[in-house]
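Take a look at the structure set out below.
The values are calculated or read from the model by the stated rules, or taken from the named source; none is laboratory data. As the structure is a computational prediction, the values presented were derived from the model and not from experiment. We place every Cβ from the backbone using ideal geometry, glycine too, and count neighbours over all the protein chains shown.
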Amino acid sequence: MKRTVLIFSLVLFWTVNTALAQSFRSTSKAGTTAAQFLKIGAGARPIGMGGAYTAIADDINSIYWNPAGLALIGGGGEATFNHAEWLGDTQYDFAAFSLNASDFGSLGLQVISLRTPEENVRTVFAPEGTGQVWDYNAIAIGVTFAKNLTDRFAIGFTGKFIQENLFNETAKGAAFDIGILYKTPFENVTLGASIINFGTKMRLDGRDIFFNEDPFPEQGSVNEVPSKFRLESYEIPLSLRFGLSWQLVHNEDVTILAAVDGSHPNDNVEFINGGVEVGLKNILFLRGGYKSLFLKNSEQGATFGAGLRYDIVGTNLKFDFGWADYGRLKNVKFVSLAIRY
């Protein structure tokens, strides 16, 4: 009990400190990391709850938010696919599945993809196009292992391969996630914490950074010297998250789940996400939340969502919809389909 109170106090202290720290932090470091697609939240249900999902561990979406949650998924496992028409006509997809391997633990695989449509290459001398086309695409593949160490404590790890492609240039990197979940003695209260995207730096490389240069054109002694643009390496978006979830009501007719997350990223100031889910007859679910509270100059804000669940022949089918406000950038809609087997 003393340990639980201590952990709860630390989370509460961190949350309050996050709210107060914004008045004293002068720089945000926004736009200083590579692989920004890793920051797009996965799953329509988490999006509908404002991205407050670090301490929620009852479905496959936890593989993205907190890998420890994979150990607490019932049945043989779960699979999901999530699609979103992302900002600027880009396409975002997330797919994952898990397998419960009894006492050994739980295994999972996730794939994240972001891509843009092809565009004409334009230059100062060819404003209508050079005849070439360019595009951008990024992918991250992660393998997860999670295990219940006790009936109240679970831990999980994810290893990731990350790649971004821009025209003829490519950047590659690797990262890992680690997460823990603790079911407190307080009734239906769960604490969670995760470190997401701790890994290598990334740097673009490809044929377009090579060129020929005449270092002494006035002398005329050298015509061409093979040269190369020197590109910088950039960190990937590391994030430290703390979360608390509380099942306020749980019966056959109504369930009410509330959650709050605090996030400390390496490329911005701290912020808080919060959300609520109301379930009716364990079939229909309504959700609402707010993203990036206390984050200055953020276009993110209110979120909403809904979901349907249907049991059939020992499996559970789930369809979820999420909506997120992005201010001047309008809004984004997420659609997810999942099956528990």
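The table that follows gives values for the structure above.
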| quantity | calculated |
| --- | --- |
| Residues that are of a type in the set (Lys, Arg), surrounded by 16 or more Cβ atoms within 10 Å (Cβ to Cβ) and at pLDDT 95 or above, drawn from segment 160-183 | LYS160 |
| Output for segment 89-117, where each listed residue is among the aromatic types (Phe, Trp, Tyr), in a strand (DSSP E or B) and over 20 Å from LEU317 (Cβ atoms) | TYR92 |
| Filtered residues of segment 263-294 (kept if more than 20 Å from PHE334 (Cβ to Cβ), touching a strand residue (DSSP E or B) at 6+ places or on another chain (Cβ under 6 Å) and either outside any strand (DSSP E or B) or of a type outside the set (A, V, I, L, M, F, W, C) (or both)) | HIS264, PRO265, GLU270, ILE283, PHE294 |
| Options ARG230, ARG241, ARG287: the member that is farther than 28 Å from GLN163 by Cα and basic (Lys, Arg) | ARG287 |
| Output for segment 118-137, where each listed residue is outside any strand (DSSP E or B) and touching a Ser or Thr at 6+ places or on another chain (Cβ under 8 Å) | VAL121, ARG122, THR123, THR130, ASP135 |
| Which listed residue, of GLU218, GLU232, is touching a residue at least 12 places away in the same chain (Cβ under 8 Å), out of contact with any strand residue (DSSP E or B) (no Cβ under 6 Å at 6 or more places or on another chain), surrounded by fewer than 19 Cβ atoms within 10 Å (Cβ to Cβ) and in a loop (DSSP other than H, G, I, E, B) | GLU232 |
| Scope segment 303-326; condition surrounded by fewer than 19 Cβ atoms within 10 Å (Cβ to Cβ) and out of contact with any Phe, Trp or Tyr (no Cβ under 6 Å at 6 or more places or on another chain); matching residues | ARG309, TYR310, ASP311, ILE312, VAL313, GLY314, ASN316, PHE319, PHE321, ASP325, TYR326 |
| ASN297, sole failed condition from (1) more than 23 Å from the chain's Cα centre (by Cα); (2) loosely packed, with under 14 Cβ neighbours inside 10 Å | (1) |
| Residue list for segment 68-96, filter: at pLDDT below 95 and aromatic (Phe, Trp, Tyr) | TRP86 |
| Filtered residues of segment 30-88 (kept if of a type in the set (S, T, N, Q), crowded, with 24+ Cβ neighbours inside 10 Å and not in a loop (DSSP other than H, G, I, E, B)) | SER62, THR80, ASN82 |
| Only one of THR123, THR150, THR144, THR130 that is modelled with pLDDT under 95 and within 30 Å of SER102 (Cβ to Cβ) | THR150 |
| Qualifying positions in segment 89-103 - in contact (Cβ under 8 Å) with a residue 12 or more places away in the chain and surrounded by fewer than 13 Cβ atoms within 10 Å (Cβ to Cβ) | ASP89 |
| Every residue from segment 158-174 that is more than 25 Å from PRO117 (Cα to Cα) and in contact with a Ser or Thr (Cβ under 7 Å, 6 or more places away or on another chain) | THR158, ALA174 |
| Odd one out for PHE157 among (1) part of a strand (DSSP E or B); (2) modelled with pLDDT under 95 | (2) |
